[in-house]
Amino acid sequence: MVRFEVVDRLLPLLERAARDGRTPLDVQDVLEPFAFDNICCVAFDHDPACLAEDEVGMAAPQSAEFMRAFNDVQDAVMARFMAPARSLWRVKRLLSLEPERRLREALATVCVYADRIVRNRGEAGHDFLWRSAASGEHSDEGLLDVVTNFIMAGRDTTSSALTWFFWLVSGRPDVEDKIVGEIRTVRTTSQGITTGAATFSFDELRHHRVHAAVPAGAHGLAPLRAGRLPVGRHVRRGRVAGVLFGFRDGAGGGHMGQ
């Protein structure tokens, strides 16, 4: 599915944008639906087709509505953390003021969409949602939480990591040249090139710069020497330190350091 999403949806979109050349392309706005489509296909065997475009150039209406609602939920939750008074959001929710009113409406949209995924799951399959349902450990309500948590974990993390990757590479033309050179080397030696394949397998990129440049995940990191985090916490040498990026952009200097 990931190969299909890249070849049949992502690459044609980028090619159209390159041919047009007049409208700037927001990379993260492209990579968010790309990651959303992939996580839904892999984890739920459900294709929201957010990156797909029909004959009038619009994504699937229900999926586009869900994406907007999901963003509204995240923005409203962030606003709660950013409010000058800790309980101000409770007052806004009571009086149905923004952004709490929008949050209530957006949550309803998210829940309806997630419920549709749960109810339309197949009787047999190998995706994560089917396995979770087959285990008998989750009710349908619990499966709703599984769906929303997977979407949150898979969409924003992947799109943010890839956006930062492309942004960093854009500032290092020397690194970009090396990556392009290695890709050309893989194209020359890859058996897939003879069939016109536009993507590569994991094994084909295992020992190349692209594989090493994109982090594999949020694993614990063991510092080589003792130090102190921006929040003041002391970390001993060799002690594993997990890093959470969740609300970094909304945190003040007192929480995350300058």
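Coordinate-derived values only; no laboratory data. Keep in mind that this is a model prediction, so the values were computed, not measured. With ideal geometry, Cβ positions are generated from the backbone for all residues, glycine too; neighbour counts draw on all protein chains shown.
If you line up the Cα atoms of the stretch 80-178 on their principal axes, what length do they span on each, largest first, in Å?
Per principal axis, max minus min of the Cα coordinates gives 52, 48, 19 Å.
Mind listing the phi-derived Karplus ³J(HN,Hα) values for the stretch 83-94, rounded to whole Hz, using 6.51, -1.76 and 1.60 with θ = phi - 60°, and x for any glycine or proline?
5, x, 10, 4, 9, 4, 5, 5, 5, 5, 5, 4
What is the packing order of peptides 37-48, 62-73, taking the mean over residues of other C-beta atoms within 10 Å and listing the highest first?
Values: 37-48: 21.2, 62-73: 18.3.
Per-residue Cβ counts within 10 Å, averaged per peptide and sorted highest first, yield 37-48, 62-73.
Looking only at the stretch 32-47, which residues have a backbone nitrogen under 18 Å from a spot 7 Å from the Cα of ASP8 in the C-beta direction?
Residues 33-47 fall inside that zone.
Taking a ≥ b ≥ c as the square roots of the Cα gyration tensor eigenvalues, with a/c under 1.5 meaning rounded and otherwise prolate when a/b beats b/c, else oblate, which class fits the stretch 2-170?
Details: a/c = 1.91, a/b = 1.14, b/c = 1.68.
The shape class here is oblate.
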